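> Following this message is one structure expressed as structure tokens.
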Ligand code: APR
């Protein structure tokens, strides 16, 4: 069985473990700084396996040695912004947490592929690549699958059509400036712009951009975790099964789309090698403008990180 270690056994990490275990995709190690919690959640999950007839092993730990020889490392460890904390404070705190998680796991799993979820995730993925000095193929940020899934869910709600018929592509940074590509999105091949009236489509695009905030406002004590964790499970599955799945993910830009030295959400091919290839769309002027605006905002966070951390 393949092995996936998840760093951070909070809502996102534990739910990712749950989805993975249920699919018998890999044995799972859940690691957290909190003592007992990852052990308790893992034991509980393990005890569910006989009921669904799956032989997935799930263990919880506080010791990085238990992550040894993982095929994939998923990083969800971090904290949410607390009252009085600036964005830079959050950036620094999460950079310390993610940097340590990346280096500790790399020590025990030198061949692993990293999937980063901790926010601000484009920048945390950049940090992970810079610190580990791994090739970009092996450090991938989650986000595009989640943002696209949110848009697909909203289109399904509006149209009453199966989510399976709905294809949406959201690129760019994982923030309000994200880039929902309505021209490339479709229902059973029919462009969204033809299927839906302009005002309805605009409302869906706006709701997608604010999708994360909508959940935070409802939950009040945390952020979304079911869809984010499922998105990273799809990434892990594509890698483990060498599917060559094209999905939007945050990846290190090396000249594609005119961008360099930053993580950004673009369509990539996921397979056994990790992020195997960037796929380039041809943009019209509006799309290009949205893309550039989002890139500028992500670049700003990268620059802030460079002021706080030395790689
Ligand atoms: N090492 C390991 N785990 C840590 C560390 C650390 N240094 N610091 C914090 N953690 C753990 C916390 O103990 C907690 O269990 O990370 C976990 C984070 O879980 P939650 O607070 O439940 O947050 P969650 O909703 O899972 O989100 C985690 O993913 O989607 C992003 O924006 C989200 O950045 C956030 C991250």
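The values are calculated or read from the model by the stated rules, or taken from the named source; none is laboratory data. Bear in mind that the values here come from a model prediction, so they are computed numbers and not experimental data. Here the Cβ positions follow ideal geometry from the backbone for every residue, glycine too, while neighbour counts run over all protein chains shown.
> Can you confirm whether residue 149 is modelled with pLDDT of 95 or more, part of a helix (DSSP H, G or I), buried (at least 18 other Cβ atoms within 10 Å of the Cβ) and on the phi < 0 side of the Ramachandran plot?
Values: modelled with pLDDT of 95 or more: yes; part of a helix (DSSP H, G or I): yes; buried (at least 18 other Cβ atoms within 10 Å of the Cβ): yes; on the phi < 0 side of the Ramachandran plot: yes.
When the stated conditions are applied, residue 149 passes them.
> Confirm whether residue 205 is under 16 Å from the mean Cα position of the chain (by Cα) and surrounded by 14 or more Cβ atoms within 10 Å (Cβ to Cβ).
no
> So, residue 122, is that one within 19 Å of residue 260 (Cα to Cα) and in contact with a strand residue (DSSP E or B) (Cβ under 8 Å, 6 or more places away or on another chain) or not?
yes
> Quickly run through the range 195-236 and pick out the residues that are closer than 16 Å to residue 144 by Cβ and in contact with a strand residue (DSSP E or B) (Cβ under 8 Å, 6 or more places away or on another chain). Break it down stepwise before answering.
Looking only at the range 195-236, we keep the residues that are closer than 16 Å to residue 144 by Cβ, and these are 205, 208-209, 211-212, 224, 227-236.
Residues satisfying the conditions are 205, 208, 209, 232, 234, 235, 236.
Yes or no, residue by residue, for (1) surrounded by 15 or more Cβ atoms within 10 Å (Cβ to Cβ); (2) within 23 Å of residue 134 (Cα to Cα):
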site	(1), (2)
3	yes, yes
16	yes, no
24	no, no
37	yes, no
42	yes, no
51	no, no
77	yes, yes
82	no, no
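> Would you kindly identify the strands (runs of 3 or more DSSP E) lying entirely within the range 1-81 that contain at least 2 residues that are away from the ligand (no atom under 11 Å from the Cβ) and over 21 Å from residue 243 (Cβ atoms)?
Qualifying strands (runs of 3 or more DSSP E): 58-61.
> Filter the range 93-126 down to residues that are assigned to a helix (DSSP H, G or I) and away from the ligand (no atom under 13 Å from the Cβ) and give me whichever is surrounded by the fewest Cβ atoms within 10 Å (Cβ to Cβ).
Checking each candidate, the answer is 107.
> Starting from the range 77-101, take each residue that is without any contact (Cβ under 8 Å) to a residue 12 or more places away in the chain and list its partners that are outside any loop (DSSP other than H, G, I, E, B) and surrounded by 17 or more Cβ atoms within 10 Å (Cβ to Cβ), counting only C-beta distances under 8 angstrom and pairs at least six apart or across chains.
Close Cβ pairs satisfying both conditions: 81/90.
> Since residue 140 meets every condition but one in (1) assigned to a strand (DSSP E or B); (2) surrounded by fewer than 16 Cβ atoms within 10 Å (Cβ to Cβ), which condition does it not meet?
Only one criterion is unmet by residue 140, namely (2).
> Among the residues of the range 200-224, write down those that are near the ligand (Cβ under 10 Å from one of its atoms) and touching a helix residue (DSSP H, G or I) at 6+ places or on another chain (Cβ under 7 Å).
Correct list: 222, 223, 224.
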